[in-house]
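The values are calculated or read from the model by the stated rules, or taken from the named source; none is laboratory data. This structure is a prediction, so every number in the text was calculated from the model and none was measured. Backbone-built Cβ (ideal geometry, glycine too); neighbour counts: all protein chains shown.
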Amino acid sequence: MMYEYMTLNDETSIFHSELKERNGQQFVEVQFEKSREEGGFYSARAELPSYKWIFNEYFSKDELDFFVEWLSHNAHTIFKYAACGGIQIA
């Protein structure tokens, strides 16, 4: 399951998974999506804490570099919300 986290000023939406575990290590998947004028979506997914890209469709290297920088500033908060099932909005 993916939980909505936020939308950036350029309309890129960011989602995160629940806290997952593999081989005794906890991780979270973070999805970036943005509508394309041609139809469909720009879409990329990274895994934290490794910052490994699982897939990317249409985002440029510069955009991915920006997302890595963004993730480095938000990883701790994303892990917190992933552990409790997403942001609880009333």
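Structure notes:
- Qualifying residue in segment 9-24 (condition: part of a helix (DSSP H, G or I), surrounded by fewer than 17 Cβ atoms within 10 Å (Cβ to Cβ) and modelled with pLDDT of 95 or more): no
- Number of residues in segment 28-42 that are among the aromatic types (Phe, Trp, Tyr) and buried (at least 18 other Cβ atoms within 10 Å of the Cβ): the value is 1.
- Residues that are under 12 Å from the mean Cα position of the chain (by Cα), assigned to a strand (DSSP E or B) and not acidic (Asp, Glu), drawn from segment 35-90: SER43, ALA44, ARG45, ALA46, LEU48, LYS52, TRP53, ILE54, PHE55, ASN56
- Matching residues in segment 14-54 - criterion: being farther than 18 Å from GLU69 by Cβ and among the small types (Gly, Ala, Ser): SER17, GLY24, SER35, GLY39, GLY40, SER43
- Taking the numbered list (1) surrounded by 11 or more Cβ atoms within 10 Å (Cβ to Cβ); (2) modelled with pLDDT of 95 or more in turn, PHE55 passes all entries but (1).
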